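Enquirer: Structure incoming, see below.
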Amino acid sequence: MTTENPPSDNAQCFAMLQSGLDLLDQGLTVFDADLRLVAWNKPFLTLLDFPESLAYVGAPFAGFIRYNAERGEYGPGDVEAQVAERVADAARFSPHVTERRRPNGKVLLLRGEPLQNAGFVTLYSDVTEQRYLEGLAEHQSTQLDERVRRRTAQLENANAKLTRANIENDRIANALRRSEERLRLINNTIPILIGYVDQNEIYQYANKGYSDWFNIPEDSVTGHSVPEVIGEEIYAQVRESVRKALCGQQVTYEYQAQRNGQTVFARSVLVPETMPDGETLGFFVFSHDITEQRRMQAALIQAQKMEAIGQLTGGLAHDFNNLLTVIIGNLSALQDHRPADEEVNEFVEPALQSARRSVQLIKRLLTFSRQQKLEPEAVDVARLIAGMSKLVRRSLPQSIAVSTDLAGATIHALVDPGQLESALLNFALNARDAMPEGGRLHITARSVELDRRAAEAFELSAGTYAMIEVNDNGSGMDAATLARVYEPFFTTKRFGLGSGLGLSMAYGFVKQSGGGLSIRSEPGQGTTVLMVLPLTRPQAAPENEAEEQPPTLGGELALLVEGDASVRRIVRQQLVDLGYPVIEAENASQALEMIAQIPDIALMISDVIMPGGINGQQLAAQVHSEHPAMPIILMSGYADDPGGNLAVPVLNKPFDRRDLARAIQQVKLAH
């Protein structure tokens, strides 16, 4: 009789790993060169809703594809054609990463890697919850244990009958070695960091991905302590989780590390190995990289903040513009009726200027939230900066020296000039606040050619752009502050000195203009703002043409439809000053009744938003269909053009009497 050779230490180690693979929260399959199933785990069957009867050693890859095709996973089409196509793709054994949405709503990430001597391993992750179910391939372990048991039983029977037991033992040993090599290959190929730490916090095993993650040789993990492998800085983050795992508690945590100058993030699961008597021998470590997930979450949060600001601004714009219509209308009327009264104008003019600046602020906020249409034109950047220099110098203390370098070249950018001036002034004021003791502010403009790599920093494609650079030698910003400068309402200024919207609005304007913004800063080294904008050619000078004489205003009966009594009073007075007799309606229903009963109405001016269920667009459409010759003007406090498909001019609030007169002239010329 011969006895079975005791298993090697490596065999015990890999058997231990194999018994733990079912704790992974990801599905796993291994197919050989003939596309026959070699290994799998239960999460694979659960994630893809496969019956257990479908999975067995040697099961054909085509069987799984056919099962999916027959239940409509790949959509309508010929089942056999769908199976043949996917089997052909798999037979190429090329690495691939794909996402697939299941009929139950789950999104699965499939990552396949080829194995040596053909075949491939595939990892199935449920990224809907961004969590991975722990588990190892218990079924594969059971199959392997059962195979070894059967082999051992065959060997014991053969020992009683045959004299060639040693040859059989060698054959079994070779099979075990092949299994060990296969398991090692799987562990080193799957995109998961796997390790095992004993109760003394010493690594007894780590796959290649684990050592690669920490950028150390493979032989520098096994036999070394946790702090030696991961470093004291990371160990300080995970120390408490390690302690809990060694007390028999399963732990999930996240940590960050520095790699090649970049911050990376990982999520780890510690699964303790506990004996029946409660003693914890150690724990398994399963980790994966979540850096890209963190980046996408940060981008989503930023987008949600921008959307919230946009919704807030858009919702308030109409009410603000109605208020400003009343304010500007009354002030303009007072100024028109008392033009020679210097004492009155001394108070009226500053109030009018402030109200008009409020109009520009609303427009900038709407531009920032991308609800206000920009009015781009070919802007001579050098001339605009030169024209702003006086304003910038007046806005800064004498202790700050302001200089410009416009390169002597004419550079034209396709932008809204008012928004560009506002952004540059905001940069200058931020520089002022960063230099309380004085300093230097330098503004340059030039044409630049950005290659692919340089353009990516601005989230643009390669090409030629106009670049404006605003540089100061102030206090600068650290990395944490720099990462948040575009956030709405984020400010480092003390309460009352800043809204935290300046850079956010500038960023929104630049992106909406098809450009990009980049800010470079270090504490004590000052700040440089780089703004790139699309280049364009200068606009051709308009030919001198005789202006068409506008029709004489006044004398005709005008219908004013406005739900806000204060706004209605102001617009009525403006119409009266222009010579129009006016009748008023609070809503569309009243307006339609008046038009039906008063044939002398020759002009209708209506707000877009009104009470009563019928808005200005609907009113204009109905009046136009019944009285196509009647001139119609819509008033709007929103940014979007509310005229719809009708050729109806829109007068944006707030406006004064001159704006109203021009709108009436235009609509009369059109008729």
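The values are calculated or read from the model by the stated rules, or taken from the named source; none is laboratory data. These figures come from a predicted structure and were not determined experimentally. Cβ coordinates were reconstructed from backbone atoms using ideal geometry, including for glycine residues, and neighbour counts include every protein chain displayed.
Enquirer: Name every residue in the stretch 65-74 that is surrounded by 14 or more Cβ atoms within 10 Å (Cβ to Cβ) and either aliphatic (A, V, I, L, M) or assigned to a helix (DSSP H, G or I) (or both), in order of residue number.
Expert: Hits for the stretch 65-74 are 65, 66, 67, 68, 69.
Enquirer: Going residue by residue through the stretch 75-83, is there one that turns out to be assigned to a helix (DSSP H, G or I), in the same structural domain as residue 24 (by TED's automatic domain parsing) and closer than 24 Å to residue 25 by Cβ?
Expert: No, there is no match, as no residue in the stretch 75-83 is assigned to a helix (DSSP H, G or I), in the same structural domain as residue 24 (by TED's automatic domain parsing) and closer than 24 Å to residue 25 by Cβ.
Enquirer: If we scan the stretch 127-146, do we find a residue that is surrounded by 14 or more Cβ atoms within 10 Å (Cβ to Cβ), part of a helix (DSSP H, G or I) and modelled with pLDDT of 60 or more?
Expert: Yes, the stretch 127-146 has at least one match.
Enquirer: Oh, and also: Looking at the structure I just gave you, is residue 271 in contact with a helix residue (DSSP H, G or I) (Cβ under 6 Å, 6 or more places away or on another chain) and either among the β-branched types (Val, Ile, Thr) or surrounded by fewer than 14 Cβ atoms within 10 Å (Cβ to Cβ) (or both)?
Expert: no
Enquirer: In addition: So, in the stretch 630-645, exactly how many residues are assigned to a loop (DSSP other than H, G, I, E, B) and either at pLDDT 90 or above or assigned by TED's automatic domain parsing to the domain that holds residue 311 (or both)?
Expert: 2
Enquirer: Tally up the residues in the stretch 437-488 that are acidic (Asp, Glu), on the phi > 0 side of the Ramachandran plot and more than 20 Å from the chain's Cα centre (by Cα), please.
Expert: 0
Enquirer: Would the stretch 230-252 turn up any residue that is out of contact with any helix residue (DSSP H, G or I) (no Cβ under 9 Å at 6 or more places or on another chain), under 14 Å from residue 284 (Cα atoms) and without any contact (Cβ under 8 Å) to a residue 12 or more places away in the chain?
Expert: Yes: one or more hits.
Enquirer: Looking at the stretch 70-90, can you tell me whether even one residue there is under 17 Å from residue 39 (Cα atoms) and either touching a strand residue (DSSP E or B) at 6+ places or on another chain (Cβ under 7 Å) or touching a residue at least 12 places away in the same chain (Cβ under 8 Å) (or both)?
Expert: Among the residues of the stretch 70-90, at least one is under 17 Å from residue 39 (Cα atoms) and either touching a strand residue (DSSP E or B) at 6+ places or on another chain (Cβ under 7 Å) or touching a residue at least 12 places away in the same chain (Cβ under 8 Å) (or both), which makes the answer yes.
Conditions (1) under 30 Å from residue 380 (Cα atoms); (2) part of a strand (DSSP E or B); (3) at pLDDT 80 or above, marked per residue:
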site: 511; (1), (2), (3): yes, no, yes
site: 519; (1), (2), (3): yes, yes, yes
site: 523; (1), (2), (3): no, no, yes
site: 530; (1), (2), (3): yes, yes, yes
site: 538; (1), (2), (3): yes, no, yes
site: 545; (1), (2), (3): yes, no, no
site: 548; (1), (2), (3): yes, no, no
site: 552; (1), (2), (3): no, no, no
site: 558; (1), (2), (3): no, yes, yes
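Enquirer: Moving on to the next point. Please go through the stretch 595-616 and pick out each residue that is surrounded by 16 or more Cβ atoms within 10 Å (Cβ to Cβ) and over 17 Å from residue 564 (Cα atoms).
Expert: Once the filter is applied, which keeps residues that are surrounded by 16 or more Cβ atoms within 10 Å (Cβ to Cβ) and over 17 Å from residue 564 (Cα atoms), the stretch 595-616 yields 595, 601, 602, 603.
Enquirer: Here's another thing I want to ask about it. State which residue is nearest to residue 62 (Cα to Cα) when the search covers only the stretch 84-95 and only residues that are in a helix (DSSP H, G or I) and of a type in the set (A, V, I, L, M, F, W, C).
Expert: Looking at the filtered set, the residue picked out is 87.
Enquirer: Checking residue 625 against (1) at pLDDT 90 or above; (2) of a type in the set (Ser, Thr, Tyr); (3) surrounded by 21 or more Cβ atoms within 10 Å (Cβ to Cβ), which single condition isn't satisfied?
Expert: Of the numbered conditions (1) at pLDDT 90 or above; (2) of a type in the set (Ser, Thr, Tyr); (3) surrounded by 21 or more Cβ atoms within 10 Å (Cβ to Cβ), the odd one out for residue 625 is (3).
Enquirer: Sort through 33, 62 and tell me the only one that's surrounded by fewer than 20 Cβ atoms within 10 Å (Cβ to Cβ) and at pLDDT below 90.
Expert: Every option except 33 fails the conditions.
Enquirer: Out of the residues in the stretch 80-97 that are among the β-branched types (Val, Ile, Thr) and surrounded by 15 or more Cβ atoms within 10 Å (Cβ to Cβ), which is farthest from residue 115 (Cα to Cα)?
Expert: Checked the stretch 80-97; the qualifying residue farthest from residue 115 (Cα to Cα) is 83.
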